[in-house]
Amino acid sequence: MPVSPFPLLSLMVFLPVAGSAVVLSGRERWAPHGALAVTTATFLLTLVPLLFFRSGQTGFLFVEKYPWISALGISYHLGVDGLSLFLLPLTGFLSVIAVLVSWNAVKEKVKAYFVSFLVLEAAMLGVFVALDAILFYLFWEAMLIPMFLIIGIWGSQNRRYAAVKFIIYTVAGSLFLLVGFIITAFLSDSLGAGFSFDVTRWGLLAVPEVPQRWLFLLYFVAFAVKVPLVPFHTWLPDAHTEAPTAGSLILAGVLLKMGVYGMLRFCFPLFPQAVAFFTPAVMTLGLVGVVYGALVAFAQKDLKKLIAYSSVSHMGLIIVGIFTMTAAGLKGGIVQMVNHGLSTGALFILAGAVYERKRTRNLDELGGLAEKAPVLSVFFVIAMLSSVGLPGLNGFVGEFLLLLGSFQFRWWVGALAATSVILGAVYLLWMTQRVLFERDRSPEAGPFTDFCLRERLVMTSLAFLMFAIGFFPSGLTDRLESTAGKFKDAAAAPGPAAAAIAAGNEKISFEGATYEFRLAGH
């Protein structure tokens, strides 16, 4: 992997940190303007890799690698490939949207709020480009602190409970990940690759099957909490419900995707035999999440909780799709990570807009908004249909590929996975009917203002992307063809070291150095 002469990724990651310092030193009333300028510039930087990435490319672009803590095999190593290619602009775009959504919603500690969001953006981008395990872990942990503050300080009535629950679940899961990273580094040394936390070097290892299974479990627990996969999901509805609108947007749009990203980045290439061994169990959890999330969504009276449980169902479908280890399922999983961020993020923005005007999210106290706020209602219907998976909108592309991969794997897996689409259509249409088209059931049915220009700009940009991906999906799918094939091959075949050993050659050259890889017992 040639090192890039221009530190694009470092600039992308640390620009929000520098921007947060500027916002912190400025006046309170200028904080939103400064945050908007920084997030917009960062979003433009996230688009640069799209210009250079070509269909069929499997390697990393814009690689940066410098020694950091050499004695411990830790380096400052960044890079972007097909897996992170679209997650970076998704993070940058939703960060801009989060600032616009928060423009008038935050009344207290405004500077601290926007500084927290900028630090959160930097940590999220760092997760998607880090190629050193310890660097990945530092970014992974760093993003928990600002999100904890966003929920705990600027959230709703039960914000402290939700924030503490969020931090306990995610930190506990992260400890499993740290232990897994350390063990993998020692295993790397014992297998001839040297004591290193370099993720690309780990991809060459020929890890024996039994250690694979134990390591897979350590990694999987950490990533399953973040997805969140049943039964690790209970922190999500509370965090979504109590977080401010922008917090719910980032939780649904970006943070949930990091669990799936981690599984693809680490578990599939490092532990292919363990992935195959645990696939039935993981698929069972995914299918349970699909059905459970949809059924529990039916019982919700709180608008944000209903959307939160729909995320549990949709993320369960993504897990099922990637663990089919088919090209369609893997491609659909990556595409749907982007689509879910747009459609569910839009629903949370709309739920927040309704709450700001009605001061309630109780479905029994809502209704009649189609007549009072036609613009809001149009965007509400578009976001709902996107989440349902209507052809012509972005949700259809990902769901079709996920279901195609599920049916290719096993017909009954596809049939169970399809319940996500059927049940999702029912509860989301029911939600829309109650909020928009039934009579207003609020105790004091007063005037209801429609979207202002800023809100229309936010929702128009989201709707444009929904239609653009729906009508022209090849912009995503073509560039993900080789990436999906890479993960499919990684999960189905032994690593380069194992293949070399089988051929009688234990020496492999990697980044200018030669390593003598070996299997346990050799």
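The values are calculated or read from the model by the stated rules, or taken from the named source; none is laboratory data. These figures come from a predicted structure and were not determined experimentally. Reconstructed Cβ throughout: ideal geometry from the backbone, glycine too, with neighbour counts over all protein chains shown. Quick note on the areas: whole protein, heavy atoms, side chains included, nothing else; ligands and nucleic acids left out. Shrake-Rupley method; radii C 1.70, N 1.55, O 1.52, S 1.80 Å.
Worth a mention:
- Residue match in segment 1-11 (condition: within 21 Å of residue 198 (Cα to Cα), under 22 Å from the mean Cα position of the chain (by Cα) and of a type outside the set (A, V, I, L, M)): yes
- Residue check, residue 386 assigned to a helix (DSSP H, G or I), crowded, with 23+ Cβ neighbours inside 10 Å and modelled with pLDDT under 90: no
Every residue, every condition in (1) among the β-branched types (Val, Ile, Thr); (2) in contact (Cβ under 8 Å) with a residue 24 or more places away in the chain; (3) surrounded by fewer than 23 Cβ atoms within 10 Å (Cβ to Cβ), yes or no:
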| site | (1), (2), (3) |
| --- | --- |
| 332 | no, yes, no |
| 336 | no, yes, no |
| 355 | no, yes, yes |
| 373 | no, yes, yes |
| 378 | yes, no, yes |
| 381 | yes, yes, yes |
| 414 | no, no, yes |
| 417 | no, yes, no |
| 422 | yes, no, yes |
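- Just one of the listed residues (305, 257) is open to solvent by less than 10 Å² (accessible area, probe 1.4 Å), touching a helix residue (DSSP H, G or I) at 6+ places or on another chain (Cβ under 8 Å) and basic (Lys, Arg), and it is 257.
- Which listed residue, of 425, 383, is out of contact with any strand residue (DSSP E or B) (no Cβ under 9 Å at 6 or more places or on another chain) and either under 19 Å from residue 473 (Cβ atoms) or of a type in the set (D, E, K, R) (or both): 383
- Residue match in segment 323-344 (condition: in contact with a Lys or Arg (Cβ under 8 Å, 6 or more places away or on another chain) and not in a helix (DSSP H, G or I)): yes
- Inter-residue pairs, beta-carbon under 9 Å, first in a helix (DSSP H, G or I) and in segment 168-191, second exposed (fewer than 15 other Cβ atoms within 10 Å of the Cβ) and among the β-branched types (Val, Ile, Thr), 6+ apart: 169/234
Each row is one residue, and each column tells you yes or no for (1) out of contact with any strand residue (DSSP E or B) (no Cβ under 7 Å at 6 or more places or on another chain); (2) at pLDDT 95 or above; (3) buried (at least 24 other Cβ atoms within 10 Å of the Cβ).
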{"residue": "106", "(1), (2), (3)": "yes, no, no"}
{"residue": "112", "(1), (2), (3)": "yes, no, no"}
{"residue": "116", "(1), (2), (3)": "yes, no, no"}
{"residue": "125", "(1), (2), (3)": "yes, yes, yes"}
{"residue": "136", "(1), (2), (3)": "no, yes, no"}
{"residue": "147", "(1), (2), (3)": "yes, no, yes"}
{"residue": "152", "(1), (2), (3)": "yes, no, no"}
{"residue": "157", "(1), (2), (3)": "yes, no, no"}
